[in-house]
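Student: Can you read through this structure? Questions will come right after.
Derivation of every value follows stated rules applied to the coordinates shown; laboratory data play no part. These figures come from a predicted structure and were not determined experimentally. Positions of Cβ are backbone-derived with ideal geometry, glycine not excepted, and every protein chain shown enters the neighbour counts.
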Amino acid sequence: MDEERFEENTPQATPPMTVAHARARALEIYETDDPRILRELSTRIWETLHDADEAAWLLRLADALEYE
């Protein structure tokens with residue numbers, strides 16, 4: 001799964017992250033890689049900050065980690 005590309009909503013100049021890099025980012029920022037917690041964070045980010053990009057990124061990561 002680490003070899004698969006994990007696409008984030010970033011400018012085209014930024015290469016997509018691997019699942020491993022996305023997981024490391026989640027651990028650094030949110031201090032968790034638990035898919036259930038990432039889904040909850042995604043919902044809260046959308047509801048409070050209206051940050052669709054961050055919310056979608058967290059949901060995609062949660063899905064990828066769940067099937068890893």
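Student: So if each residue of separation counts as 0.36 nm, and I subtract the Cα-Cα distance between residue 30 and residue 68, what length gain in nm does that give?
Tutor: Roughly 11.7 nm would be gained on extension.
Student: Ok, one more. Mind listing which GluC sites (Glu not before Pro) in the range 21-67 are in a DSSP loop and have 16 or fewer other Cβ atoms within 10 Å?
Tutor: Qualifying residues, ordered by number: 31.
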